[in-house]
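The values are calculated or read from the model by the stated rules, or taken from the named source; none is laboratory data. Please read all numbers here as calculations on a predicted model, not as lab measurements. Virtual Cβ from ideal backbone geometry, glycine too; neighbours counted across all protein chains shown.
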Amino acid sequence: MALPSINPTTTNAWKALQEHYLSIRDKKLKDLFLENPERANQFAIAWKDFYVDYSKNRINETTKSLLLDLAKEVKLDQAIQSYFEGDIINETENRAVLHTALRTPGEKKVFVDGKDVVPEINAVKEKIKKFSYEVISGELKGYTGKPFTDIVNIGIGGSDLGPAMITEALEFYKNHLNIHFISNVDGDHVHQRLKGLNPETTLFIVVSKTFSTQETLSNATTARKWFTQHAIQEAVSKHFIAVSSNISNVTNFGIDSENIFPLWDWVGGRFSLWSAVGLSISLAIGYDNFDALLQGANEMDEHFKNTPFENNIPVILALQSIWYNNFFNAESEAIIPYSQYLHRLPAYLQQGIMESNGKSVDRNGVPVNYQTGTIIWGEPGTNAQHAFFQLIHQGTKLIPAEFVGFKHSLFGDQDHQNKLMANFFAQTEALMNGKTKTEVIDELNAKGLSETEIEKLTPFKVFEGNKPTTTILIDRLTPKSLGSLVAMYEQRIFVQGVIWNIFSFDQWGVELGKQLATNILSEIENKEPREHDASTKTLLQKLLISDLK
Ligand code: F6P
């Protein structure tokens, strides 16, 4: 069944939300808390080792109930069913969207075109398990008989960001293998990474769903050239493996067919870390931990599928994003993990969220008359506090921020953890409460400043406050909790796409740049710029003359 196609702005709920917005837009969060002593409990969801507090958002019971009505009116329940049942919901590519099947327990059945795909998934999982064991234990050796010490993942976009983000996030659980990532077509990236590696003990994983991506093929070719300069040609088969759905392209590239870990067209690149694309994760932390990551994701999937919308974490968070994006006209959202391990989470989510929902045509092929696609950005706290938080606190833009933190640290240094968590809570409180003029004056008086000085400084020290935040407090960063967290964001992307009535699982917008780059490359190689706009032509000429004048 196709996804329902309903312009959200035509629903009764949307119209009611527009009116309701007028009555709540100037309301202070502080007052919402005063009016409702139960607010902190009523606007929170406790689920397994997650506690999601969304009470510091500019919503009340009416907002929540209208947003839930919106979800009902666009038939979100029907869309969720189609998604999990393997219907062709990625219509422009004629594909099902079933990354959720990759984390389904082995005994379940999932059908694509009438065929249960779980046995194939299980076979690939077994292959990942066996291979991971052999490499980690040193049983599998390089061409000179030495165990592998270094793994190089060559891929880009979803074939890089997921594995890179997760291996960094789970570094605490890592074994002795060194994991490297090469993604950018910038030659300095590949050469810098190869520098210092020992070809005898290095294993390359070339990850590309399509096996036609310029960056990945260029980097894989350079890596192979580097390898064969040091080793014999025959050794390539022991040191190069591939993860792809395009078997013929892989074998044409020269990788042995038994060295291919397959994936399927119903796994989108940015949702693929749960497949063999996650091989480098399994090598880094061992298969059991990789499996725990999948289990965590599956638990979130089950929560998403089976929980009434009013207590459904991905649904509630998605509805809040819609509220800020479409009614408050917020331009972006910040995601601030209070864990250095989650350093790459915002970058990973930028692909997931912005490649999925950066669309301006609805599911009927008609340009939308409302905003879609949230702009996501962020960095870990507390670093972010000393960088861009000033703008969130006192800038002119409304930036809803999401704080993700863990009750327990992994090394157990309680002194650091207390300080980290103190900052974690302090920021959301400061963003909500701000600082009034009276508070500023009292503070400056207490410091003994003169009246003139106080008058001069006060306007700069007042914080308007009323900045919305959501706090996701998780027990501990483990493979399982991380799996749940990432799946939570995936399901939220889906919900937002359904409400905006767009196709979230294609990415045609990235194709034009790729096509033009192919044309310009031949002009650069032949030193012959052809017809372009005047700016591009001048820039090309500047590139092609030996020194800029
Ligand atoms: O250009 C965008 C994109 O298609 C992403 O969606 C994808 O994750 C990335 O390129 C890499 O694609 P592939 O795995 O086919 O090399």
How many residues are crowded, with 17+ Cβ neighbours inside 10 Å and either of a type in the set (Phe, Trp, Tyr) or part of a helix (DSSP H, G or I) (or both) if we restrict to the stretch 434-453?
3
State all residues of the stretch 118-133 that are more than 17 Å from Gly278 (Cβ to Cβ) and surrounded by 13 or more Cβ atoms within 10 Å (Cβ to Cβ); if no residue qualifies, say none.
Val118
So which pairs qualify, if the first residue must be in the stretch 252-277 and in contact (Cβ under 8 Å) with a residue 12 or more places away in the chain, the second must be buried (at least 21 other Cβ atoms within 10 Å of the Cβ) and assigned to a strand (DSSP E or B), the Cβ gap must be under 6 Å, and the two must be at least 6 apart or on different chains?
Ile255/Phe240; Ile255/Ala242; Asn259/Ile241; Ile260/Ala242; Phe261/Val243; Ala276/Val243; Val277/Val207; Val277/Val243
May I ask you to list the residues in the stretch 2-31 that are of a type in the set (Val, Ile, Thr), over 20 Å from Lys467 (Cα atoms) and crowded, with 17+ Cβ neighbours inside 10 Å?
Ile6, Thr11
Matching residues, the stretch 249-273, being in a loop (DSSP other than H, G, I, E, B), surrounded by fewer than 20 Cβ atoms within 10 Å (Cβ to Cβ) and away from the ligand (no atom under 14 Å from the Cβ):
Gly254, Asp256
List the residue pairs whose Cβ atoms are under 8 Å apart, where the first residue sits in the stretch 503-525 and is farther than 15 Å from Gln351 by Cα, the second is within 10 Å of the ligand (Cβ to nearest atom), and the two are 6 or more positions apart or on different chains.
Lys514/Gln214; Ala517/Gln214; Thr518/Gln214
Suppose the filter is surrounded by fewer than 24 Cβ atoms within 10 Å (Cβ to Cβ), in the same structural domain as Asn178 (by the TED database) and within 12 Å of the ligand (Cβ to nearest atom); does Ser212 pass it?
yes
List every residue pair whose Cβ atoms sit under 7 Å apart, with the two residues 6 or more apart in sequence or on different chains, where the first one lies in the stretch 332-361 and is outside the structural domain of Ala384 (by the TED database) and the second, anywhere, is more than 16 Å from the ligand (Cβ to nearest atom) and among the small types (Gly, Ala, Ser).
none
Kindly list the number of the only condition in (1) closer than 18 Å to Gln320 by Cβ; (2) in contact (Cβ under 8 Å) with a residue 60 or more places away in the chain; (3) in a loop (DSSP other than H, G, I, E, B) that fails for Ser55.
(2)
